[in-house]
1. Consider only pairs whose beta carbons are under 6 Å apart and that are at least six residues apart or on different chains; among these, list those whose first residue lies in region 222-233 and is touching a residue at least 12 places away in the same chain (Cβ under 8 Å) and closer than 19 Å to residue 393 by Cα and whose second residue is of a type in the set (Asp, Glu) and assigned to a helix (DSSP H, G or I).
2. Which of the residues belonging to region 150-163 are within 18 Å of residue 232 (Cβ to Cβ) and buried (at least 20 other Cβ atoms within 10 Å of the Cβ)?
3. Taking only region 265-294 into account, find how many residues are surrounded by 15 or more Cβ atoms within 10 Å (Cβ to Cβ), not small (Gly, Ala, Ser) and not in a loop (DSSP other than H, G, I, E, B).
4. So which of 369, 342 is in contact with a helix residue (DSSP H, G or I) (Cβ under 6 Å, 6 or more places away or on another chain) and either among the hydroxyl-bearing types (Ser, Thr, Tyr) or free of Cβ contacts under 8 Å to residues at least 24 places away in the same chain (or both)?
5. Looking only at region 164-178, how many residues end up being under 34 Å from the mean Cα position of the chain (by Cα) and among the small types (Gly, Ala, Ser)?
6. Of all residues in region 246-264, how many are charged (D, E, K, R), in contact (Cβ under 8 Å) with a residue 24 or more places away in the chain and part of a helix (DSSP H, G or I)?
7. Within region 351-370, can one find any residue that is surrounded by fewer than 18 Cβ atoms within 10 Å (Cβ to Cβ), farther than 29 Å from residue 163 by Cα and among the acidic types (Asp, Glu)?
8. Given the conditions (1) over 26 Å from residue 367 (Cα atoms); (2) at pLDDT below 80, which single one is not true for residue 243?
Amino acid sequence: MSDSKRTGNRDISDLKARLGLKKGAAATGQTAARGNGAASGGVVPPPGLNLPPPPGVQPSQPVIPNAADDPFGAMNAMAAHHTVQRAPEIVIVNDGKPVENVGTQSLGVTIAKIAVPAVLALGIGIGVGRVSKDANFYNAGLEDAGEILGDVNKPSTVKATKKLLSDLDNQLDAMSKSGYRPDAAATKALSDMVTKLDVKSNLVFRAKQNALDEDLSGQILGFYSGVAEIRNMLDLHVKAAKADDKMLATAKQKTDEATVKEGENAYLAGQARYGVLISAPTEQDKDDFGARIVELGPVFCGDKQSSSGKCEDGGPSGYGYRNDPGGIAWTKGDLVTNGEDSVPAKKLVLLLPNGVRDALIKGNEPGASEAYYVKRLRTLAERTKKLITDANKLEGQLQTASSKGKRFSFFM
């Protein structure tokens, strides 16, 4: 029993020594620590904690006892073997903003760094694109001005169309010399002009023409609208003239019948067969005062009526006339060719050409057809001259517009 108590006391004593609770063990550990060169400053570190060695001194590796013999010492040695490192230092800065805004602000800054250059690049691209678009639009207008102006050999251009209008104007001027009387050849020429004045709208009425100046664009449309109007007027006239062919043929026949032929009276050949006889009452002849329309006939040579229409031995002595168409007898009358204040009675006066005389000769329907024929051509001639004036003005403006310098464009 005494041996067991001794053994137990020895075990407890050994345990205290190992744990550093025994005074002798503490002194021994302090001495060992000093012997190892540790700068303890008179303070013995607790078990398991090693102080850092002084500067320039390499730490010595601890000796780990056998765990079978001394389990607690082995544990302490192994704990001391792993040097305790200082935890990372966290610095807290108070910027006065709630902590919720920290992540949002960082994300916003990141987005801003990406978005701002992108927006700037987009703005520059839009600006360049707009400038290029405006320049291309302006340059397209200049090209269209030159294309619409064109030349006399390119159909539907202003110059070529003006040339056609000038040809039409010359033709109408030639017809005006004969009083715009119906003429089959002239009608055929006007019909050909209808085909030539067929303007191709794909040259004029297209989208790019909007690139021109507003006033110039309006003048272009007005000019070609006038051309279309003249073409319609020509077309209606030609169709009406063809429809009136029968009446005009009848009128021509009546005009030929009412014209004195050379075989009848060579001296009045080509004149209207009708004249005026001045009548005035006298003491012997109680006739009414006035004028009668009479039919002119053959020439008289002396007292005899000529069968050839001429007088072989001299000039005519008078001209035959009669009051009733289709009568047999011709009365000899004197022809008055000049006069000033008065015309003697019983004298013949020729009817000068005018619309009334022609209408009387041709009849109502043919006369009306010819009157409308003349009126249509007069109106057409006036409109053509006005449009040629507009064409000259438009030609000058298009020439000026097409000669302007082009604007710079990034996308030529």
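The values are calculated or read from the model by the stated rules, or taken from the named source; none is laboratory data. None of the values given here were measured: they were computed from a predicted structure. So basically every Cβ, Gly included, is an ideal-geometry build from the backbone, and we count neighbours across all protein chains shown.
1. Once the first residue is touching a residue at least 12 places away in the same chain (Cβ under 8 Å) and closer than 19 Å to residue 393 by Cα and sits in region 222-233, its partners that are of a type in the set (Asp, Glu) and assigned to a helix (DSSP H, G or I) give 223/390.
2. From region 150-163, those within 18 Å of residue 232 (Cβ to Cβ) are 156, 161; that's our starting set.
The one that is within 18 Å of residue 232 (Cβ to Cβ) and buried (at least 20 other Cβ atoms within 10 Å of the Cβ): 161.
3. 5
4. On the way: 342 fails: in contact with a helix residue (DSSP H, G or I) (Cβ under 6 Å, 6 or more places away or on another chain).
The conditions single out 369.
5. Going residue by residue through region 164-178, those that are under 34 Å from the mean Cα position of the chain (by Cα) are 164-170.
Those still in the list that are among the small types (Gly, Ala, Ser) too: 166.
The qualifying residues number 1.
6. 2
7. Looking through region 351-370, at least one residue is surrounded by fewer than 18 Cβ atoms within 10 Å (Cβ to Cβ), farther than 29 Å from residue 163 by Cα and among the acidic types (Asp, Glu).
8. Failed condition: (1).
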